[in-house]
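Taking it in order: structure first as structure tokens, then the write-up.
The values are calculated or read from the model by the stated rules, or taken from the named source; none is laboratory data. Worth saying up front: this structure is predicted, and the values here are computed from it rather than measured. All Cβ positions, even for glycine, are placed from backbone atoms using ideal geometry, and neighbour counts span all protein chains on display. Just so you know, the surface numbers come from the protein's heavy atoms only, side chains and all, with ligands and any DNA or RNA stripped out. Shrake-Rupley method; radii C 1.70, N 1.55, O 1.52, S 1.80 Å.
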Amino acid sequence: MKNLKELTKAERFDLQLESDFDEALEDEDFKKLIKSLNRPKKEMMKYTSRLKNTCQEIKNCRNCQGLFQCQNGLEGHIDTPKIEENRLYFTYYPCKYYQKMVLKDNESNRLKKVMLKDIDLKLNDKKQSKVIKWLDTFYDHFDLGKIQKGLYLHGNFGSGKTFLTSAFLHELEEKKNIHVEIIYITDLIRDLKDDFFEFADKMDWYCKVEVLMLDDLGAEKVTDWVRDEVLGPLLQYRMSQGKTTFFTSNLTIEELEEHFSLTKSSEDRVKARRLIERIKYLTVDMELVSESRREKRGIHE
């Protein structure tokens, strides 16, 4: 048997691969993953690092409560090994929260066309009735020459917040020739992040559009950049220029402040409070909590 000095560089490399693989097998999750793949050890050894990463990302997902908490390399995905045609390869598999976001994106595209005629405006729900009356008054009295507050509409998942508000705003856009931008909050962030060179132009549009609605605020992954470089300046501009702004959220205004506090340090709390104060200045805070209308209308919110 050769001693270490007599081994070739390739043999020493293979020996190190095997040592790393055997060490990784001490982890129960790694061992289960290897067993499920049922591939030769010599093949698995080449992917020890990637397979360990898969195990870590699976662990990250176990207690995750949404994309805003995602710690994986590609947000909302797990680096997953697959066997196809007797060959091992890796693919990024979307988690349940990412899949939900895709459904939301598809719904957002459909909501671009929803109008008042598409929804049931029967006032048989007290809280829905209150919101509809507010929106109706806003629609009747909207005047670009005046500063008018928008709405911070919060409530339970599926209550119809987005559907209802979108219908009124699209009616406003079509009948009164008002520029309205309705965008899902994670789409806004992705849109601004995807092309750094167009960041300024895109921010300028979101800042200056006559009526802006940020849908599902609180669903985004909070970072310093999102809070301090995107939402802070955006809302500050719209506040200073009297631009009408709407928000929908599953969170109350108090819960939203906690959401934006990040590390909960005194500095983060101050920054979160500033953001919330801008939202309060821009909107009337209302609640819409009712039975889910998704099954009745086939909508996702």
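Pick from 78, 83: which is of a type in the set (Val, Ile, Thr) and open to solvent by 60 Å² or more (accessible area, probe 1.4 Å)? Quick ask: steps written out before the conclusion?
Working: 78 fails: open to solvent by 60 Å² or more (accessible area, probe 1.4 Å).
Of the residues listed, the single one that is of a type in the set (Val, Ile, Thr) and open to solvent by 60 Å² or more (accessible area, probe 1.4 Å) is 83.
Give the residue, chosen from 261, 266, that is surrounded by fewer than 17 Cβ atoms within 10 Å (Cβ to Cβ) and either hydroxyl-bearing (Ser, Thr, Tyr) or within 20 Å of residue 219 (Cβ to Cβ) (or both).
On the way: 261 fails: surrounded by fewer than 17 Cβ atoms within 10 Å (Cβ to Cβ).
The match here is 266.
Starting from region 134-147, keep only residues that are under 14 Å from residue 176 (Cα atoms) and outside any helix (DSSP H, G or I), then list their pairs with residues that are open to solvent by 60 Å² or more (accessible area, probe 1.4 Å) and basic (Lys, Arg) whose Cβ atoms are within a distance under 9 Å, requiring at least 6 positions of separation or different chains.
142/176; 144/176
Which is at pLDDT below 80, within 27 Å of residue 255 (Cα to Cα) and not hydroxyl-bearing (Ser, Thr, Tyr), of 123, 151, 169, 103? Explain how you work it out, then say what you get.
Working: 123 fails: within 27 Å of residue 255 (Cα to Cα); 151 fails: at pLDDT below 80; 169 fails: at pLDDT below 80.
Answer to the selection: 103.
Determine whether region 20-39 contains at least one residue that is on the phi > 0 side of the Ramachandran plot and open to solvent by less than 60 Å² (accessible area, probe 1.4 Å). I'd like the intermediate steps shown before the answer.
Here is the first cut: in region 20-39, the residues on the phi > 0 side of the Ramachandran plot are 38.
Next, from what is left, pick out any that are open to solvent by less than 60 Å² (accessible area, probe 1.4 Å): none.
Taking every residue of region 20-39 in turn, none turns out to be on the phi > 0 side of the Ramachandran plot and open to solvent by less than 60 Å² (accessible area, probe 1.4 Å).
Report, ordered by the first and then the second residue, all pairs with beta carbons closer than 8 Å, sequence separation of six or more or different chains, a first member in region 211-231 that is more than 15 Å from residue 97 (Cα to Cα) and basic (Lys, Arg), and a second member that is open to solvent by less than 30 Å² (accessible area, probe 1.4 Å) and at pLDDT below 90.
Qualifying pairs under 8 Å: 227/260.
Please specify each residue of region 193-232 satisfying the condition of being more than 24 Å from residue 153 (Cα to Cα) and under 14 Å from the mean Cα position of the chain (by Cα).
Residue satisfying the conditions is 193 alone.
Which numbered condition trips up residue 153, out of (1) surrounded by fewer than 19 Cβ atoms within 10 Å (Cβ to Cβ); (2) closer than 21 Å to residue 274 by Cα?
Result: residue 153 fails condition (1) only.
Residue 277: closer than 30 Å to residue 142 by Cα, modelled with pLDDT of 95 or more and surrounded by fewer than 21 Cβ atoms within 10 Å (Cβ to Cβ), yes or no?
Working: closer than 30 Å to residue 142 by Cα: yes; modelled with pLDDT of 95 or more: yes; surrounded by fewer than 21 Cβ atoms within 10 Å (Cβ to Cβ): yes.
Taking the combined requirement at face value, the residue satisfies it.
Out of region 234-258, which residues are buried (at least 18 other Cβ atoms within 10 Å of the Cβ), aromatic (Phe, Trp, Tyr) and either within 17 Å of the chain's Cα centre (by Cα) or over 17 Å from residue 285 (Cα atoms) (or both)?
247
I'd like the residue in region 242-273 that is in contact (Cβ under 8 Å) with a residue 12 or more places away in the chain, part of a loop (DSSP other than H, G, I, E, B) and out of contact with any Cys (no Cβ under 8 Å at 6 or more places or on another chain) and, out of all such residues, is nearest to residue 70 (Cα to Cα).
Filtering region 242-273 for residues that are in contact (Cβ under 8 Å) with a residue 12 or more places away in the chain, part of a loop (DSSP other than H, G, I, E, B) and out of contact with any Cys (no Cβ under 8 Å at 6 or more places or on another chain), the one nearest to residue 70 (Cα to Cα) comes out as 262.
From the set of residues in region 197-233 that are touching a Gly at 6+ places or on another chain (Cβ under 9 Å) and open to solvent by 10 Å² or more (accessible area, probe 1.4 Å), which is nearest to residue 251 (Cα to Cα)?
219
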